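Okay, structure first, notes after.
Since every read-out is calculated from the coordinates, none of them should be taken as a lab result. The structure presented is a predicted model; accordingly, all values stated were derived computationally and were not measured. For neighbour counting, all protein chains shown are included, and Cβ atoms are generated from backbone atoms with ideal geometry for every residue, glycine included.
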């Protein structure tokens, strides 16, 4: 009896192994392709970190070493000393947080008006919001610069923060998608109880869409942190530089010290990479929802 | 009842407008007005200081005789066209592979998405080093399969191609969008096709691809918009060179506005960019009627 049980379970195991083997072989081309792509796509980040840890003698080696012979952690200290890193980091942080606060305040209000209240022309105006996504920023950047210059905002952080308080079409879209999924009856019941629209937004809608708010906060953070063109235009005084334009310091000398540049780049991208690793699910959800805007 | 709306409808419209008022203000102040102001500046000579002097169509006339306009426009369209020509099949292929039931798919997804979160300026610095003709990683890897060293950033054709290829590093993000398109295709269609004895290739051609066409259209419109704006790579990696091979339109616009203080001329360029963007989007939409399928049955 016992022997029979053993042999049956052995057979099932064998069958299962064979089946999973077949599945492995069946999906092998796709798997190999994904592994190859993943390696290629991981390379830029890997090469940045590896280069940051090499000394200049090792950089001048050909073929290049795939791993540093000795880890030169002191490169990070040297990179931080090489340019006003802390100052640029604080500038970047201030702008990024300012824009993030603006996005998190303005976009839920706007999305609420586009989803939870029924009114005439609402949906036609919303098409206009979507249309603005397709207007390239360079088309208006000269005029915008002149507008901000006439306000005396050049060489301040204001042109990089204040626009976030007026909403962003993509974020409005994401939040609206989430708000539309909440049954209208919930709002109606609250209205009968005499709740104001603001009250409904803050005590009913917002708690239900925290994932969407997180997506907007993350996208806003990454978008501002990674921005290059706007800081380049508005921040001409060195003391106000963000990291994105501050990294150019490493190019001012005739020969670029790539290990230091890569060390500084690593420190610059670190917050974004950590954010991505921690909130991966939100990144993916946000991208997929945004794509539904067609 | 005023204008055919009840009191409640009026109230709701007031409330709705109140909630979206930040957007309305921003739309007027940061979008509509700048577009109009750009149009006006395009007819003036303006250094950014003092007054803008009306010069009529002179800026637009000058664009015709400025050879860098034609060069930068050509480079930009070249970049956009090839980045998409490679990118569309590449990202669809990636999405198809990611659609398989792999347990470790989240690891692939993380690796493939990583370059999309890295800032373009940092990626540009990394690419400079990877493309270094003497010590660079890419030439080393190519030498393993017998390819002689390429002077990537010193040769006009290779430099332009390098930026086209670099654009493919954004594929991970786009592939996720195709992936959600793939997942939306009903399994019953594939089951029916299997019963009819269709091969994998036939299923791809008559089910998968047609049902992905709306996503392809959306990605093409987005891709064209982004392609026309290519700037950072030229600014950091090549400075528009060699021999203006990577002098892209927006980079030249930026230079005119902020290096040469030719705000009027740059504004005229901006309006031309606006018209080109609208025109290309319109053409793709029109053309898409021939190949986008919204309903298979």
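The table below lists the values:
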quantity: Overall Cα dimensions of chain A - principal axes, largest extent first, Å; calculated: 73, 72, 30
quantity: Dimensions in Å of region A:156-198 - Rg and Dmax from alpha carbons; calculated: 15.7, 47
quantity: FRET E, pair residue A:97, residue B:195, Förster distance 51 Å, beta-carbon r, rounded to 0.05; calculated: 0.35
quantity: Exposure proxy order (Cβ contacts within 10 Å, fewest to most) of B:51, A:227; calculated: B:51, A:227
quantity: Segment residue B:293-residue B:203, extension gain: residue separation times 0.36 nm, minus the distance between their alpha carbons; calculated: 30.8 nm
quantity: For the protein assembly as shown, fraction of C-alpha pairs farther apart than 40 Å, in %; calculated: 34
quantity: Convex hull (Cα only) mean projected area of region A:199-265, reported in nm² to one decimal; calculated: 7.1
quantity: Per-residue [θ]222 nm for chain B (sum of -39500 (n - 2.57) over DSSP H runs n ≥ 4, rounded to 500); calculated: -21000 deg cm²/dmol
quantity: Cα convex hull of region A:150-288 - mean projected area over all directions, nm²; calculated: 11.9
quantity: Solution diffusion estimate, µm²/s, Stokes-Einstein, region B:1-156, Kirkwood Rh from C-alpha pairs, 4 °C, viscosity 1.567 mPa s; calculated: 57
quantity: Cα pair distances exceeding 17 angstrom across region B:153-297, given as percent; calculated: 71
quantity: Cα convex hull volume per residue for chain B (Å³); calculated: 235
quantity: Region A:151-223: Rg to Rh, with Rh as the Kirkwood radius over Cα pairs; calculated: 1.12
quantity: Per-residue average of Cβ from other chains inside 10 Å of A:283-289; calculated: 5
quantity: Alpha-carbon centroids, region A:117-180 and region A:203-236: separation in whole Å; calculated: 13
quantity: Surface/4 of the Cα convex hull for region B:1-64, nm²; calculated: 7.5
quantity: Value of relative contact order over region A:82-186, rounded to a whole percent, pairs C-alpha under 8 Å and six or more apart; calculated: 52
quantity: Dimensionless Rg ratio for region B:100-186, taking C-alpha atoms and the 2.2 N^0.38 Å reference; calculated: 1.36
quantity: Relative contact order (%) - region A:202-294, alpha-carbon pairs under 8 angstrom, separation at least six; calculated: 36
quantity: Highest average packing first - A:101-111, B:66-76, Cβ atoms within 10 Å; calculated: A:101-111, B:66-76
quantity: Two-decimal Rg/Rh across region B:122-170, once Rg and the Kirkwood Rh are taken from alpha-carbon atoms; calculated: 0.95
quantity: Share of pairwise Cα separations in region B:212-297, more than 17 Å, in percent; calculated: 59
quantity: Ascending count of other beta-carbon atoms within 10 Å, so fewest first, for A:162, A:269; calculated: A:162, A:269
quantity: Shape call, region A:64-136: gyration tensor on alpha carbons, a/c limit 1.5; calculated: prolate
quantity: Semi-axis lengths (Å, descending) of the ellipsoid that matches the C-alpha gyration tensor of region B:155-228; calculated: 33, 14, 10
quantity: Relative contact order for chain A, counting Cα pairs under 8 Å that sit 6 or more residues apart, in percent; calculated: 29
quantity: Within region A:219-255: backbone nitrogen closer than 11 Å to the residue B:66 label point (7 Å, Cα to C-beta); calculated: none
quantity: Square roots of 5 times each gyration tensor eigenvalue, C-alpha, region B:153-194, largest first, Å; calculated: 39, 11, 4
quantity: Exposure proxy ranking, count of Cβ atoms within 10 Å, fewest first, for A:277, B:77; calculated: A:277, B:77
quantity: Computed Kirkwood radius, in angstrom, where 1/r is averaged over Cα pairs of region A:71-228; calculated: 18.1
